[in-house]
Amino acid sequence: MASSCFHRSILFSSLPTNLPSRSDPLSAFFPKNLTCSSPSTPSRLSLGSGSIRRLGECRRKLSEVRSMASTASGTGKEENKKRVEIYDTEENLAIDLAKYTSDLSDKFCKERGAFTVVVSGGSLIKSLRKLVEVESIDWSRWHFFWVDERVVPKNHDDSNYKLAYDNFLSKVPIPPGNVYAINESLSAEAAADDYETCLKHLVKTNILRVSESTGFPKFDLMLLGMGPDGHVASLFPGHGLCSESNKWVASITDSPKPPSERITFTFLVINSSAHVALVVCGSGKAEAVQAALNKTGSVPPAGLVSAEEELVWFLDKPACSKL
């Protein structure tokens, strides 16, 4: 099957008939090409001073808790690339996540003329809301991907594409050709193969880098959420895909969380990323956070995440209540 990178008609074949017309803003996110736009002004953060001041206060209050979390996360080689940031509120977390992301966008746009970003679904998308408020991000250089997706129509409530579009993509001017959704008209297996072929094409065109140490694609930033059971992407505790040793993108037809048919990046790709942010909020995820950071007992998939340059855990206070 030819990749969506080669044929727009393949990627977005069999679109839902009730999607808006071409005059609707949603049509702007149907890809046309893979060409990076011309250089423009680097991004700068311009959140309100009150937001930054409140964030500074919360950091001072939680310095002792962060120290405890860092101790729990260990001191090995991989742990030296990990840091844990803890916030008294999810609002302050979202502010800092916006600054973290915009700083990396600025860095990579200057260094290589592109910024490759991967997102998950779920509560993560809500935590990206402050990023929309950042002034002068060079959105034309962004290339936007999903770490996993449900094989459902793009207008379905379970679609990660729909979630990202409604809450983020519709509010920022990322070029149409730089948004890479799956071809949901295919079977899960074929959709996974198609997405992997797309990634390989982007490697050949130098939009995606390759990790020198692993040989797998090296995304600039991967933004991940985590489920209450500690799953990331569609990699669930005890599932065989957690130990996949060959595929970049895998299909799953027996997901313990509906819908059952999905595609997902494997740890081979996730852990080859330059930077990974794991964003976790809420007391319902506190036990999984503890297990992932302490790495004791049965380590959940979130505890297997790493990054080539830096892994940052963004936690609100309830999520780290058991550390």
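A few remarks follow.
- Looking only at the range 289-319, residues that are open to solvent by 10 Å² or more (accessible area, probe 1.4 Å) and either assigned to a helix (DSSP H, G or I) or touching an Asp or Glu at 6+ places or on another chain (Cβ under 6 Å) (or both) come to 8 in all.
- Residue within the range 158-178 that is out of contact with any Phe, Trp or Tyr (no Cβ under 6 Å at 6 or more places or on another chain), without any contact (Cβ under 8 Å) to a residue 12 or more places away in the chain and not hydrophobic (A, V, I, L, M, F, W, C) present: yes
- Residue match in the range 240-259 (condition: at positive phi, touching a strand residue (DSSP E or B) at 6+ places or on another chain (Cβ under 6 Å) and touching a residue at least 40 places away in the same chain (Cβ under 8 Å)): no
- Residue match in the range 121-133 (condition: at positive phi and either of a type in the set (A, V, I, L, M) or within 17 Å of the chain's Cα centre (by Cα) (or both)): yes
- Filtered by the rule that a residue be open to solvent by 10 Å² or more (accessible area, probe 1.4 Å) and aromatic (F, W, Y), the range 162-211 gives a lone residue, Y165.
- Here the condition is being over 21 Å from Y195 (Cα atoms) and free of Cβ contacts under 8 Å to residues at least 60 places away in the same chain; of G284, G227, it holds for G284 alone.
The values are calculated or read from the model by the stated rules, or taken from the named source; none is laboratory data. As the structure is a computational prediction, the values presented were derived from the model and not from experiment. For neighbour counting, all protein chains shown are included, and Cβ atoms are generated from backbone atoms with ideal geometry for every residue, glycine included. SASA here: full protein model, heavy atoms, side chains in, ligands and nucleic acids out. Shrake-Rupley method; radii C 1.70, N 1.55, O 1.52, S 1.80 Å.
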